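Take a look at the structure set out below.
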Amino acid sequence: MELAYAMNTKAVVTGTKKESCDATAGNMTLLDAEPGQTYIIKEINTDDDDMNSFLFRLGCYQGEPITLISKKKKSCIVVIKDGRYNLDKMLSEAIII
């Protein structure tokens, strides 16, 4: 019984942690994200039409899942629709998750 209770408690704690992360994720850019996590793109925040069309061709648009593989100060490696891409700082800051 104690083991089952401990497992249920852990599930509750994990669920709470996830909810708190989702609440703060509203204004995060890709550079603020944690590697190894999958996020849903909420918005592409750029005024440059060329950048918008480039991201759209990669499959990066609102509502699409994106997985952050790794990040450095000036770039991120992401997976979008089974393709792996290296995005520079300007592109990474334009993606709101």
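Structure values in brief
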{"quantity": "Under-21-angstrom lysine pairs by C-alpha in the range 28-96, whenever the two are 8 or more apart or on separate chains", "calculated": "9"}
{"quantity": "Rg and Dmax of the range 28-96, Cα atoms only, in Å", "calculated": "10.5, 30"}
{"quantity": "Neighbour-limited loop hits for trypsin sites (Lys or Arg not before Pro), the range 34-97 (at most 13 other Cβ within 10 Å; DSSP other than H, G, I, E, B)", "calculated": "LYS72, LYS73, LYS74, LYS81"}
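Read the figures in this text as sums done on the coordinates, not as results from a lab. Please read these numbers as outputs of a predicted model, since none were measured by experiment. Counting neighbours? That spans all protein chains shown, and the Cβs are built from the backbone with ideal geometry, glycine included.
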